[in-house]
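Report on the structure given below.
The values are calculated or read from the model by the stated rules, or taken from the named source; none is laboratory data. As the structure is a computational prediction, the values presented were derived from the model and not from experiment. Reconstructed Cβ throughout: ideal geometry from the backbone, glycine too, with neighbour counts over all protein chains shown. With ligands, DNA and RNA removed, areas are computed over all heavy atoms of the protein, side chains included. Shrake-Rupley method; radii C 1.70, N 1.55, O 1.52, S 1.80 Å.
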Amino acid sequence: MQVTKEMAPTKRTLFTRQFKLYQLLRLATIGIKILKVVKFPPKSN
Amino acid sequence: MSHVVVLGAGFAGQTAALYLRKELGAEHEVTVISGWPKFTYIPSLVWVGVGQMAPEKTQFELAPVFEKHGINFIQAWAREIHPDDQYVLVETKDGEKTKVSYDYLINATGPYLNFEGTEGLGPDAGNSHSICNIHHAKMARDAYLEQVKRMEKGEHVKILVGLGHPLATCQGAALEYITNIHSDLEARGLRDKATIMWMSNEPALGDLGMGGVKAKKHGYIMSSEQFIKSLFAEKGIHFQVQTAIKKVEKGKVYWENYEGEFGETEFDYAMLIPQFKGVKIKYIDKDGNDISAKMTNPAGFMLVDGNYGKPWSELKASDWPKTYQSPFYKNIFAAGIAFAPVGSVSKPHTTKNGTVITASLPRTGMASGIIGKVVALNVVDMINGKEPSHKESMAQMPSACIASLGKSMNSGAAASIVLYPTVPDYERYPDFGRDLKATSMEVGLAGAWLKRTLHSMFIYKMKGNPGWSIIPE
């Protein structure tokens with residue numbers, strides 16, 4: 001068993017993860033990203 | 001007139017039944033056979049397991065939904081499939097056995113939870129818990145809340161979450177559970193009273209049975225190992241990967257790691273996902289011979305149109321099944337967990353003691369729904385006198401995994417992982433096997449909102465409410 005501090009998020013990252021206005025934007029972005037990949041999956045590289 | 005029988009009413013079965021009814025005329029009959037009277041939205045059981053969602057919010061009665069859509073429903077367990085004579089032998093909870101004839105059959109029976117594959121594992125043995133079905137999730141919740149009471153009295157407890165078998169899958173569900181326990185204890189002001197530990201068969205943290213994920217982030221290419229390591233660092237979760245749990249006793253697991261070393265880890269509460277196998281249904285031919293070994297792989301999953309038998313290093317994306325049609329009986333299909341994958345995506349490992357440790361590929365949720373739709377449309381093709389034309393292999397299928405890290409709509413979070421394709425295709429994408437433009441990973445409150453939205457949206461869809469088919473699988 002190990003426990004690490006490596007890659008732990010900074011206070012700024014933790015703040016943006018909970019900042020509601022920004023998260024509303026992220027919600028739209030993730031939603032569009034999912035719909036795009038589901039409806040129009042990449043056809044070729 | 002054709003009669004299509006669907007075995008199972010989970011994501012794959014329910015999706016298949018709804019599409020069959022939508023696409024087929026009234027002269028054709030659709031019958032669903034399921035041992036459970038209710039549909040359960042399995043992804044939300046992580047919340048039931050920590051007492052943050054009432055069990056009934058994850059379920060609805062199947063019979064009224066099927067009645068509304070003109071789908072027959074038989075509440076019974078499928079015991080035997082007779083492919084030559086085209087009938088399924090079912091058994092009701094009263095032990096009554098009847099034959100259900102079919103023209104086309106879709107096997108969407110989901111997993112058999114193979115607790116006996118690991119000595120002492122599971123709620124029946126009384127040593128560990130599971131959140132793989134509603135009954136187990138309720139038992140897990142009650143046991144977890146007992147530990148919370150101990151912590152409230154000032155005691156320190158050890159919580160172990162992970163995979164309970166060397167070949168187990170569904171790492172994502174276990175990851176959601178462990179982070180929801182962290183969030184719940186933090187909200188109760190008890191986080192310092194618990195040591196939370198992760199133990200899994202993954203080759204690396206964040207493998208998730210999908211061979212890990214790479215995504216562009218902050219101008220770099222980040223791996224899911226770094227992503228999950230960051231989460232565990234933030235939450236102070238201890239971890240041990242490359243580990244096969246071999247035996248569970250009250251308060252202790254016995255394990256073997258990649259190096260072939262044996263060890264023990266003590267716990268006060270454990271939730272360990274069992275190995276998934278195919279549901280125990282016998283396939284019987286016209287002479288009464290058991291042909292299950294021909295129809296399924298050794299784990300009991302039904303063989304379909306995949307290119308089976310290749311070693312892991314030689315597997316290609318093109319080997320994965322596309323139509324999910326049985327190679328032996330063209331009128332039988334498998335969907336969701338019931339179909340046999342051609343192999344694992346994660347690199348398998350054999351220890352010096354001969355133990356095979358491999359994180360199996362998850363085929364739940366989105367994949368199950370997509371495959372359910374594909375097989376339904378292929379059956380419709382065949383009824384219309386055509387060959388199955390709908391093809392979607394897991395190497396051409398996207399995945400969106402919204403892993404809850406805390407349910408609260410105000411302070412919760414989720415890891416939103418979008419990837420394409422689910423099974424890496426190194427011929428199309430030589431560097432990482434996946435399209436990095438379509439793949440992303442992020443953590444935030446937005447994910448918690450999305451996860452809760454998906455809960456409501458999919459229950460709406462699975463009920464076949466107006467516009468259900470517009471909602472993507």
- Under the definition of Cα pairs under 8 Å and six or more residues apart, what whole-number percent is the relative contact order of region B:198-356? 19 percent
- Per residue, how big is the convex hull around the C-alpha atoms of region B:217-350? Give it to me in cubic angstrom, could you? 192 Å³
- Taking 7 Å along the Cα-to-C-beta vector as the label spot, tell me the B:N410-B:E116 distance in nanometres, rounded to one decimal. 4.9 nm
- Equivalent ellipsoid semi-axes for the protein assembly as shown, as square roots of 5 times the alpha carbon gyration tensor eigenvalues: give them largest first, rounded to whole Å. 36, 26, 24
- Message: Given Cβ point charges of +1 (Lys, Arg) and -1 (Asp, Glu) and nothing else, what value in debye, to the nearest 20, does the dipole of the protein assembly as shown about its Cα centre take?
- Response: 1840 debye
- Total charge dipole magnitude, chain B, about the Cα centre, Cβ charges on Lys, Arg, Asp, Glu only, Debye to nearest 20: 900 debye
- Query: Carbon and sulfur atoms: what percent of the 1.4 Å accessible area of chain B do they account for?
  - Reply: 49 percent
- Task: Evaluate the distance, in nm, between pseudo-label points positioned 7 Å from the Cα of B:E249 and of B:D85 along their respective Cα→Cβ axes.
- Result: 5.0 nm
- Query: Rounded to the nearest 10 Å², what accessible area does B:Y19 show when all protein chains are kept and the probe is 1.4 Å?
  - Reply: 10 Å²
- Under a point spin-label approximation (7 Å from Cα along Cα-to-Cβ), what is the A:Q18-B:S456 distance to one decimal in nm? 2.4 nm
- Message: From the P(r) of region B:64-193, could you give the percentage of C-alpha pairs in the tail past 18 Å?
- Response: 68 percent
- In order through region B:279-284: 3J(HN,Hα) via Karplus (6.51 cos²θ - 1.76 cosθ + 1.60), integer Hz, x for Gly, Pro: 4, 6, 10, 8, 9, 10
- Query: Under 5 Å between amide H atoms, partner at least 5 residues away or on a different chain: which partners does B:F73 have, H built in plane at 1.01 Å?
  - Reply: B:V32
- Item | Folded to 0 to 90 degrees: helix B:171-187 orientation relative to chain B principal axis, Cα | 40 degrees
- Message: Given Cβ point charges of +1 (Lys, Arg) and -1 (Asp, Glu) and nothing else, what value in debye, to the nearest 20, does the dipole of region B:237-341 about its Cα centre take?
- Response: 540 debye
- Query: Projected onto the charge dipole of the protein assembly as shown (+1 at Lys/Arg Cβ, -1 at Asp/Glu Cβ, origin at the Cα centre), which of B:G300, B:T350, A:Q23 gives the Cα projection farthest towards the positive end?
  - Reply: A:Q23
- The correct pair for region B:115-158, radius of gyration to one decimal and Dmax as a whole number, both in Å and from Cα atoms, is 12.0, 36
- Taking the alpha-carbon centre of each part, the distance from region B:282-299 to region B:433-473 in Å is 38 Å
- Message: Starting from the Kirkwood Rh over alpha-carbon pairs, what translational D in µm² s⁻¹ does region B:7-117 have by Stokes-Einstein at 25 °C and 0.890 mPa s?
- Response: 160 µm²/s
- Message: Quick check on my link table: of A:K5/B:K217; B:K352/B:K451; B:K229/B:K250; B:K235/B:K322, which ones sit more than 31 Å apart, alpha carbon to alpha carbon?
- Response: B:K352/B:K451; B:K235/B:K322
